[in-house]
Structure formats: structure tokens, C-alpha cells
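Q: Here's a structure for you.
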Amino acid sequence: MMGKKLTAALITFSAIIMAFASPLQAGESSAGTKVGLLTCESVPNTHLNLLIHSTVDVKCQFVSSDRSMIEHYVGETGIGFGLDISHKITENLMFGVIAADFKQGSHKLAGKYIGVGASATAGAGMGVQLLVGDGKNSVSLEPVIEGTKGLGVSIGITYLYLQAAD
């Protein structure tokens with residue numbers, strides 16, 4: 001019963017964030033702005049969970065909204081400080097990307113992103129991460145649902161470090 005309430009709360013929370021976080025809605029664009037989707041999946045057997053800190057390696061792919069550009073990244077995500085009482089078998093993250101002057105091969109998403117996140121998992125689960133970059137590359141990662149398989153709950157200060165995979 002508690003798991004269903006937490007899952008419903010996370011869905012509602014992520015819907016609210018998605019509705020208000022992005023200044024560009026679907027179909028809108030401005031000169032020099034590239035919108036796309038960053039998807040990341042956890043690398044098997046790389047989870048490290050220390051209750052107040054957890055980490056997992058990720059492989060990510062950015063696809064531009066017009067599908068003309070694809071870039072690959074590797075990195076790490078996790079909870080830097082918080083509560084993580086979970087055993088996650090898989091973790092998939094999705095972020096809407098807004099960036100000015102995005103050029104093929106520039107790997108502009110490489111960098112450090114820090115924010116807050118929460119997830120709940122009982123078999124299949126979900127969560128949300130709201131991350132802010134360091135600002136040097138003028139990139140915004142807009143939150144989309146996180147999908148997980150495993151068991152547990154986590155909440156805290158989250159991070160995502162990305163570097164070019166090519």
C-alpha cells in the first residue's frame with residue numbers, strides 16, 4: 001500500500017516538474033537552440049550502494065529532435081548524499097536537452113550535473129532527477145521519468161558526470 005502511494009506521489013511530482021521546468025514546449029524553437037533527448041542506462045555489475053552514497057556507471061546516447069545528430073557518452077550517476085536503501089538491477093534515465101549552438105561532434109553534454117532525485121522500486125519502479133549543469137556549456141537537462149528494476153527507495157543529492165565515449 002505504501003509503495004503505491006509513493007509511486008503515485010513520484011509520478012505527480014515528475015509531471016509537475018516537467019510541466020514547469022522547460023521554457024520550450026514541444027514544437028517551439030528559437031534560433032541557435034537544439035532540442036533532443038539524452039537516454040542513459042546503467043552498466044551491469046557497477047552498482048555500489050553505501051546507504052548514504054551510491055554510484056553506478058552509465059552509457060548514454062544523445063539524439064537530436066530531428067534525429068540528424070547522435071552522440072555517445074559514458075559516465076557515472078548516483079546519490080552523493082542522501083538515503084539509498086535499494087538493490088537496483090537496472091536503471092534507465094531520460095532527460096530532455098536544451099542547448100545553444102550544438103554542433104555535431106562537440107560533445108557539449110560532457111560535464112558535471114548536480115541536483116536532487118527520488119525513486120521507489122518494487123520489481124519495476126520509477127523516480128525523477130532534477131539536475132543543473134555547471135553552466136559553461138549552456139546546457140539544460142530537463143527531467144523525464146527514471147525507470148528502475150529492483151527493490152528499495154532512494155532520495156537525496158544526485159549527480160551525473162558525463163564524458164565523450166568516442
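Q: Can you compute the charge dipole magnitude of the stretch 30-166 about its Cα centre, using +1 on each Lys and Arg Cβ and -1 on each Asp and Glu Cβ, nothing else charged? Give it in debye, rounded to the nearest 20.
A: On the way: 9 positive and 12 negative charges, 22 e Å.
Using only the charged Cβ atoms, the result is roughly 100 debye.
Q: List the trypsin sites (Lys or Arg not before Pro) in the stretch 44-126 that DSSP assigns to loop (not H, G, I, E or B) and whose Cβ has at most 11 other Cβ atoms within 10 Å. Which are they? Walk me through the intermediate numbers first.
A: Details: sites: LYS59, ARG67, LYS88, LYS103, LYS108, LYS112; in loops: ARG67, LYS103, LYS108.
When the trypsin sites (Lys or Arg not before Pro) of the stretch 44-126 are filtered for loop state and at most 11 Cβ neighbours within 10 Å, ARG67, LYS103 remain.
Q: Taking 0.36 nm per residue of sequence separation and subtracting the Cα-Cα distance, how much length would be gained by fully extending the chain between SER68 and LEU83, in nm to one decimal?
A: On the way: separation 15, 0.36 × 15 = 5.40 nm, distance 3.98 nm.
So the chain would gain 1.4 nm between SER68 and LEU83.
Q: When the distances between all Cα atoms of the stretch 35-165 are binned every 5 Å from zero, what whole-number percent does each bin get?
A: Percent of pairs per bin, in order: 2, 12, 22, 26, 18, 11, 6, 3, 0.
Q: Label-point separation (nm) for ALA165 and GLN104, each offset 7 Å from Cα along Cα-to-Cβ?
A: Output for this residue pair reads 1.9 nm.
Values quoted throughout were computed directly from the atomic coordinates according to the rules given, and no laboratory measurement underlies them. All of these numbers come straight from a predicted model, not from anything done at the bench. No Cβ is skipped: glycine too gets one built from the backbone with ideal geometry, and neighbour counts run over all protein chains shown.
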